[in-house]
Amino acid sequence: MDPWLIWLIIAAVLAVAEIITLTAALGMLSAAALVTAGSAAVGLPLPLQFVVFTVVATVTVLFVRPIALRHVLRPQVARFGVDALVGKAAYVVVEVTGRGGRVRIDGEEWTARPYDETLVIPSGTTVDVIEISGATAIVYPRD
């Protein structure tokens, strides 16, 4: 079996192991094996293939992996779904009391309750969405 094919198989096995473990280290080793497969296909002797693998693996694990992990572990900056509605302004469509009511948030109607259960918010009032509980917006009138 040709050495380049062996390196290619090693790269594939390491790539599959990376997909299973998600450590980023095995992916870097897989990339090193892939580069080594290319150097073996060009006709580099076996000892130099090991040198190529070692150098590429060392460079990727020491320099590329920390950068990749920094990007993966970055906190999420954008809010999605109902979390994106918190803090938005809403328009009261049906009077909001401790029992319920309806508000319009970004063109969609939601059931609503006031943050303070004793409040009665008349229709036509602008309110702030404090939180979303299930399918109900918890709102508070703007000053």
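Before moving on, here are some points about what is shown:
- Condition check for L34: under 16 Å from A11 (Cα atoms), open to solvent by 70 Å² or more (accessible area, probe 1.4 Å) and at pLDDT 85 or above: yes
- Residue that is surrounded by 13 or more Cβ atoms within 10 Å (Cβ to Cβ), without any contact (Cβ under 8 Å) to a residue 40 or more places away in the chain and farther than 30 Å from T136 by Cβ, where the choices are A15, A68, A112, A25: A15
- Considering L62, L46, the condition of being touching a Pro at 6+ places or on another chain (Cβ under 8 Å), loosely packed, with under 11 Cβ neighbours inside 10 Å and either free of Cβ contacts under 8 Å to residues at least 40 places away in the same chain or under 30 Å from A15 (Cα atoms) (or both) is satisfied by L46 alone.
- The number of residues in the range 129-143 being surrounded by 14 or more Cβ atoms within 10 Å (Cβ to Cβ) and more than 14 Å from E109 (Cα to Cα) comes to 4.
- Per-region count, the range 75-98, residues in contact (Cβ under 8 Å) with a residue 12 or more places away in the chain, out of contact with any Pro (no Cβ under 8 Å at 6 or more places or on another chain) and open to solvent by 40 Å² or more (accessible area, probe 1.4 Å): 9
The values are calculated or read from the model by the stated rules, or taken from the named source; none is laboratory data. Worth saying up front: this structure is predicted, and the values here are computed from it rather than measured. FYI the Cβ positions are ideal-geometry reconstructions off the backbone, even for glycines, and counts take in every protein chain you see. For accessibility, only protein heavy atoms count, side chains too; no ligands or nucleic acids. Shrake-Rupley method; radii C 1.70, N 1.55, O 1.52, S 1.80 Å.
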